[in-house]
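The values are calculated or read from the model by the stated rules, or taken from the named source; none is laboratory data. Please read all numbers here as calculations on a predicted model, not as lab measurements. Virtual Cβ from ideal backbone geometry, glycine too; neighbours counted across all protein chains shown.
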Amino acid sequence: MSRRLTQQELVDMAAGAAIMATGGGGDPLVGRLLVQQALDEGLTVDIVAPDELDDDAFVISTAMMGAPSVVVEKLANGNEAVNSLRKLEAHLGKTADATVPMECGGLNSMIPLLVAARAGIPVVDADGMGRAFPELQMETFGVYGISGSPLVVSDEKGYSVLIDTGDDNVRMETFARAVTIQMGGASFIAEYPMSGADLKRTGIPHTLSLASQIGRAIREARAAHADPFAALVEAVADSIYGYATSLLEGKIVDVERSIVGGFTAGRVTLAPFDGGELLTIDFRNENVVARRGEQVVALVPDLITVLDLESCAAITTEALRFGQRVRVVGISTPEIMRTPEALEVWGPQAFGVDHPWVPLEKLTSSLTSQLP
């Protein structure tokens, strides 16, 4: 059923989506404050389930593109994504009936809410990644046959670029990335114009609701002085994701990070409190692979998230710091993200990881540090 976004759900959704973002997707605080500003102005956001859309509805995905670490310093003014939406509508000669997140993660779970408020259209409770990924072709929309272009890329100065690469979503990503770099490393986009029927066929359903559920469960557990990590596991267990486990409790002892080709890339090294082998996580905007010593314990597309040990709040890759006390959590992905077609696009090899994909449940079956 459709619902109107409340102030509390906005906070819960941002917190949960940050966990689902696996370290990427942009700082959720920036996006949440932009949506909060719109709500404070009296604007509203209606969230609709995918099955509530008419098959012939016209839907456009909206998002931030670029290095998340840049967005922290180059703050958005709140109009960029709407500008992209309007210019894509004008190019196509059609008005969007709804917008939808391209990914459920951090800032990019918030931008479609902002667009919905400012453009006066609903946002669909779904997305195209089920987490955050660094490239535009890495969306279930594209995996299952929808063209990402034409798309529009806009910046905070009001400049926009229209990109049309036909059915070649990889080339679309390349062109849009080059434009984003020229815009200072971060931009806002409108992409993957599609019908309601296509969205229902290719989208990952109810991910905004799951983000809200995760955020709410953790908030309520902390208020009751209960275990927020156990609450996280229970929230995931009730979803199409189904499984979460602790990969490590420990302290960050090293962080290597740089901006490479428009991405925030690097490695974080963590020492477990139990004195065991070090855990390393390689990231490219998002966390890609976790290894305990030489053993792979979690692997893209399954989710690898670094959480503050006390609050259970997600720590993005640009916010990782020496000395932070954390828990690293792995979360399995839904089946739509594990098909051969999907793994061809965002499996380990797409990130240069020379290891065959193995489900998180299998990789961690021998670990003794699983969450309750």
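Quickly run through the stretch 249-286 and pick out the residues that are in contact with a Pro (Cβ under 6 Å, 6 or more places away or on another chain), at pLDDT below 95 and not charged (D, E, K, R).
If the condition is that a residue be in contact with a Pro (Cβ under 6 Å, 6 or more places away or on another chain), at pLDDT below 95 and not charged (D, E, K, R), then PHE263, THR264, ASN285 are the ones that fit.
Please determine, by comparing only the residues of the stretch 79-116 that are small (Gly, Ala, Ser) and surrounded by fewer than 21 Cβ atoms within 10 Å (Cβ to Cβ), which one is farthest from VAL161 (Cα to Cα).
The extreme case among them is GLY93.
Select from the stretch 202-218 the residues that are surrounded by 23 or more Cβ atoms within 10 Å (Cβ to Cβ) and among the polar types (S, T, N, Q) and write down the one among them that is nearest to ILE304 (Cα to Cα). Please lay out each step first, then the result.
Our first condition is that a residue be surrounded by 23 or more Cβ atoms within 10 Å (Cβ to Cβ); within the stretch 202-218, this holds for 203-204, 207-208, 210-212, 214-215, 217-218.
Keeping just the survivors that are among the polar types (S, T, N, Q) gives 207, 212.
On the way: THR207: 17, SER212: 19 Å.
Looking at residues that are surrounded by 23 or more Cβ atoms within 10 Å (Cβ to Cβ) and among the polar types (S, T, N, Q), I get THR207.
Within the stretch 271-286, is there a residue that is basic (Lys, Arg) and crowded, with 17+ Cβ neighbours inside 10 Å?
yes
Of the residues VAL300, VAL296, VAL306, which is among the β-branched types (Val, Ile, Thr) and under 24 Å from PRO228 (Cα atoms)?
Answer to the selection: VAL306.
Could you list, in sequence order, the residues of the stretch 272-325 that are more than 28 Å from ALA217 (Cα to Cα) and in a strand (DSSP E or B)?
Across the stretch 272-325, the qualifying residues are THR280, ASP282, ARG284, ARG291, ARG292, GLN295, VAL296.
Which one is surrounded by the most Cβ atoms within 10 Å (Cβ to Cβ), of the residues in the stretch 12-31 that are part of a loop (DSSP other than H, G, I, E, B) and under 10 Å from the mean Cα position of the chain (by Cα)? If you could, list the steps in order and put the result at the bottom.
Initial filter on the stretch 12-31 (part of a loop (DSSP other than H, G, I, E, B)): 21-27.
Of the ones still in play, those that are also under 10 Å from the mean Cα position of the chain (by Cα) are 21-26.
Details: ALA21: 33, THR22: 34, GLY23: 31, GLY24: 28, GLY25: 36, GLY26: 33.
Per the stated criteria, the residue is GLY25.
Looking only at the stretch 234-263, count how many residues are within 30 Å of GLY66 (Cβ to Cβ) and polar (S, T, N, Q).
Qualifying residue count, the stretch 234-263: 2.
Table: residues versus (1) under 18 Å from the mean Cα position of the chain (by Cα); (2) buried (at least 16 other Cβ atoms within 10 Å of the Cβ); (3) acidic (Asp, Glu); (4) not assigned by TED's automatic domain parsing to the domain that holds SER109.
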| residue | (1), (2), (3), (4) |
| --- | --- |
| TYR159 | no, no, no, no |
| ASP164 | no, no, yes, no |
| PHE175 | no, yes, no, no |
| THR180 | no, yes, no, no |
| PHE188 | yes, yes, no, no |
| MET194 | no, yes, no, no |
| GLU220 | no, no, yes, yes |
| LEU232 | yes, yes, no, yes |
| SER239 | yes, yes, no, yes |
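Looking at the structure I just gave you, is LEU34 surrounded by fewer than 17 Cβ atoms within 10 Å (Cβ to Cβ), touching a residue at least 40 places away in the same chain (Cβ under 8 Å) and outside the structural domain of PHE283 (by TED's automatic domain parsing)?
Details: surrounded by fewer than 17 Cβ atoms within 10 Å (Cβ to Cβ): no; touching a residue at least 40 places away in the same chain (Cβ under 8 Å): yes; outside the structural domain of PHE283 (by TED's automatic domain parsing): yes.
When the stated conditions are applied, LEU34 does not pass them.
Out of the helices (runs of 4 or more DSSP H) lying entirely within the stretch 54-122, which hold 1 or more residues that are charged (D, E, K, R), in the same structural domain as GLY31 (by TED's automatic domain parsing) and without any contact (Cβ under 8 Å) to a residue 12 or more places away in the chain?
Values: elements: 68-73, 80-92, 107-119.
Fully inside the stretch 54-122 and qualifying: 68-73.
Failed condition for LEU199, given (1) in the same structural domain as VAL11 (by TED's automatic domain parsing); (2) crowded, with 24+ Cβ neighbours inside 10 Å; (3) under 25 Å from PHE263 (Cα atoms), with all others met?
(3)
Being free of Cβ contacts under 8 Å to residues at least 40 places away in the same chain and at positive phi narrows it down to one of GLY276, GLY266, GLY323, GLY293, so name that one.
Exactly one residue qualifies, and that residue is GLY293.
Select from the stretch 296-338 the residues that are polar (S, T, N, Q), closer than 17 Å to LYS251 by Cβ and out of contact with any Ser or Thr (no Cβ under 7 Å at 6 or more places or on another chain) and write down the one among them that is surrounded by the most Cβ atoms within 10 Å (Cβ to Cβ).
GLN324
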